[in-house]
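Novice: The structure is given below, and queries will be raised subsequently.
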2 protein chains.
Amino acid sequence: MNRVRIVVVDDHALFRRGLISLLEEMPEFHVVGEAANGQEALTVIERIRPDVVLLDINMPILDGIQTLAALRKKDASQKVLMLTISQNDDDLIGAIVAGANGYVLKNTEPDTLKNTILQVHAGNSVLSPEVTARVLQAVRRSQTDRNRGLLSEREIEVLKCLARGQTTAQIASVLFISENTVKTHIRHILEKMEVNNRAEAVAKAAQMDLL
Amino acid sequence: MNRVRIVVVDDHALFRRGLISLLEEMPEFHVVGEAANGQEALTVIERIRPDVVLLDINMPILDGIQTLAALRKKDASQKVLMLTISQNDDDLIGAIVAGANGYVLKNTEPDTLKNTILQVHAGNSVLSPEVTARVLQAVRRSQTDRNRGLLSEREIEVLKCLARGQTTAQIASVLFISENTVKTHIRHILEKMEVNNRAEAVAKAAQMDLL
DNA sequence: AAAGCGGGTGATTTCTTCATCACCCTTACA
DNA sequence: TGTAAGGGTGATGAAGAAATCACCCGCTTT
């Protein structure tokens, strides 16, 4: 049975070599190349064309994300698994935008790393559990911001009043504006949320975390 | 050792009962309640307070996402694992925004479901492999849209010209505007991207998938 | 010295969005 | 019949963003 051909990219020689030893001990894998920075990685990957690339993020000259972005310009199908210590959102989102097939932390157990590499090789996208949690948080935040950006501040105020069951007249009184102004805001809310009436708007707003 | 206390919420009686049988056969779990719709689920969950809730999405009266949104208003810490057939992005993003701790497809093997429930119970966020891929795609798309929204259409045009190595004069000629206008666009690009010169801007744009 | 190039400051006009309001129609209820 | 409420069309003014342009300076190359 064919071994999965791997290239390891990491600027720390000890870590890289240690990881290579570990992987070579596993009958499923064959390490066919290595690189200490992004520039070198691009050359090695283009020449060897491995099944999977293990790619660190924090590296000199060209970091892992820039490396991946450059790689994707040439090869959209190369499987790349980020293997990094970084849990900060910018790195995580940057790697995803650049097209990473997986994102795994260096605290991962060898056995878990083995399964992860096999999963990526099989075509799946894989994240470390802590990373999954961060990604879900990032999606939640991003989508909530996007939802919130759909409406103006005033429209959100009006929507909250609607959610409390207030009538047009009551809302006008609370916000010190005319009923006609309230109606205009409501019209824009219905248009932007693509609903037909205020009940639907309130239900959708609850779902969009706008209240 | 304590068994994980589970509530199963699904409108299809046969599926729900079958799943309950399956889970009861596993020594790690104890099914302490069940519900056939979201309304009922809210009542059952509040009364029983299980360790983990398995929650379908497509249900009558109150779907799984609305149920979860309502539940989160009362209990931010309840572990909820979506168990659904749906792979569409709106459901997926909706569940995440509503605060799901995990999202698993109904084609999951029983053993994998077991591990997933244990992971969620342990505090981790878990996704099915196919779902992970979709989430990564959604993040990529969302972030690219957000990046794109940072600059106006014209600024993006100018940035693309810069990426081709064109000078201010060349860009002016290509876009039929004056060199001074090109410079103003570039100034705004540098400001918005928080970089110091056009080389940095191009590098960052590549990373942000703006080219 | 002149030309080419990038980076900087400032100004004007146009367009879009936001917030405001008036008026009309329909339905339901007292 | 009158009142209450929601939904619809249209208008105006202010603020901010977008797109445009002029002019100046420093550095490098010819």
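The values are calculated or read from the model by the stated rules, or taken from the named source; none is laboratory data. Because the structure is a prediction, the values reported are computed rather than measured. Here the Cβ is made from the backbone with ideal geometry for all residues, glycine too, and neighbour counts use every protein chain on show. These area figures cover heavy atoms from the full protein model, side chains too; ligands, DNA and RNA do not enter into them. Shrake-Rupley method; radii C 1.70, N 1.55, O 1.52, S 1.80 Å.
Novice: Which ³J(HN,Hα) values, rounded to whole Hz and listed in residue order, are derived for the range A:146-155 from phi using the Karplus coefficients 6.51, -1.76 and 1.60 in 6.51 cos²θ - 1.76 cosθ + 1.60 with θ = phi - 60°, glycine and proline given as x?
Specialist: Result, ordered by residue: 4, 4, 5, x, 5, 10, 7, 4, 5, 4 Hz.
Novice: So how far apart, in nm, are the two label points at B:N2 and A:Q137 if each is 7 Å from Cα heading toward Cβ?
Specialist: For B:N2 paired with A:Q137, the spin-label model returns 2.5 nm.
Novice: I would also like to ask the following. Summarise the long-distance tail of P(r) for the range A:1-43 by giving the % of C-alpha pairs beyond 12 Å.
Specialist: The calculated P(r) of the range A:1-43 puts 57 percent of pairs beyond 12 Å.
Novice: Right, next: Please give the calculated 222 nm ellipticity per residue for chain A, where each DSSP H segment of at least 4 residues contributes -39500 (n - 2.57) and the sum is spread over every residue; nearest 500 deg cm²/dmol?
Specialist: Taken over chain A, the calculation gives -18000 deg cm²/dmol.
Novice: Another question, if that's okay. Taking θ as phi - 60°, what are the ³J(HN,Hα) couplings along the range B:97-104 by the Karplus curve (6.51, -1.76, 1.60), each to the nearest whole Hz, with x for Gly and Pro?
Specialist: Result, ordered by residue: 4, 6, x, 5, 8, x, 8, 10 Hz.
Novice: Moving to a separate point now. Once the label point is set 7 Å along the Cα-to-beta-carbon vector, what list of distances in nm do you get between B:R5 and its counterparts in the other copies?
Specialist: Listed shortest first, these distances are 5.6 nm.
Novice: What are the residues whose amide H is under 5 Å from the amide H of A:L127, where those residues sit 5 or more places off or on another chain and H is modelled from the backbone?
Specialist: A:Y103
Novice: Mind telling me which of B:K79, B:K114, B:K160 comes out most flexible in a GNM of chain B, alpha-carbon contacts under 10 Å?
Specialist: Residue with maximal mean-square fluctuation among B:K79, B:K114, B:K160: B:K160.
Novice: What are the ³J(HN,Hα) couplings of the range A:181-191, residue after residue, when phi is run through the Karplus curve with 6.51, -1.76, 1.60 and θ = phi - 60°? Round to Hz, x for glycine and proline.
Specialist: 5, 4, 4, 5, 4, 5, 4, 5, 4, 4, 4
Novice: Going 7 Å from the Cα of B:K183 toward and past its Cβ, which residues in the range B:134-177 have a backbone nitrogen under 16 Å from where you end up?
Specialist: Only B:167-173, B:177 fall inside the zone, counting backbone N under 16 Å.
Novice: Something else: I want the local charge near B:E194. Using Cβ-Cβ distances under 12 Å, sum +1 for each Lys or Arg and -1 for each Asp or Glu among the other residues.
Specialist: 0
Novice: A follow-up question, please. Loop-only GluC sites (Glu not before Pro) in the range B:2-36, please: DSSP not H, G, I, E or B, and at most 13 other Cβ atoms within 10 Å.
Specialist: Here the sparse-neighbourhood loop sites are B:E25.
Novice: Give me the accessible area per residue for chain B, probe 1.4 Å, as a whole number in Å².
Specialist: Per residue, chain B has an accessible area of 48 Å².
Novice: Could you estimate the translational diffusion coefficient of the range A:56-211 from the Stokes-Einstein equation, with Rh from the Kirkwood formula over C-alpha pairs, at 25 °C and 0.890 mPa s, in whole µm²/s?
Specialist: 131
Novice: So how far apart, in nm, are the two label points at A:R49 and A:R148 if each is 7 Å from Cα heading toward Cβ?
Specialist: For A:R49 paired with A:R148, the spin-label model returns 4.8 nm.
Novice: Compare the Cα positions of A:I177, A:S125, A:Q137 along the charge dipole of the range A:82-206 (+1 at Cβ of Lys, Arg; -1 at Cβ of Asp, Glu; about the Cα centre) and return the one farthest towards the positive end.
Specialist: Of the options given, the answer is A:I177.
Novice: Something else about it: At 7 Å along the Cα-to-beta-carbon direction for both B:A122 and A:N115, put a label point, then send me their distance in nm to one decimal.
Specialist: 0.9
Novice: Between copies, how far apart are the B:E28 label points? List them in nm, one decimal, shortest first, with each point 7 Å from Cα toward Cβ, please?
Specialist: 1.9
Novice: Let me ask another. Counting other Cβ atoms within 10 Å, keep those with at most 13, restrict to DSSP loop, and tell me which GluC sites (Glu not before Pro) in the range B:126-200 are left.
Specialist: B:E194
Novice: Using every pair of alpha-carbon atoms in the range B:81-163, split the distances into 10 Å bins beginning at 0 and state the percent of pairs per bin, rounded to integers.
Specialist: 16, 38, 20, 14, 10, 2
Novice: Check B:K79: other-chain or 5+ apart residues with amide H under 5 Å from its amide H, H built from backbone geometry?
Specialist: B:V53
Novice: What are the residues whose amide H is under 5 Å from the amide H of B:A35, where those residues sit 5 or more places off or on another chain and H is modelled from the backbone?
Specialist: Placed amide hydrogens put B:V8, B:V9, B:D10 under 5 Å from B:A35.
Novice: Grab the alpha carbons of the range B:6-122, take their convex hull, and tell me the volume per residue in Å³.
Specialist: Hull volume normalised by residue count: 89 Å³.
Novice: List the distances, in nm to one decimal, from the label point of A:S152 to the label points of the same position in every other copy, shortest first, placing each label point 7 Å from Cα along the Cα-to-Cβ direction.
Specialist: Values, ascending and in nm: 2.0.
Novice: Please state, rounded to one decimal and in Å, the Kirkwood hydrodynamic radius that the protein assembly as shown gives when every pair of distinct Cα atoms enters the mean of 1/r.
Specialist: 24.4
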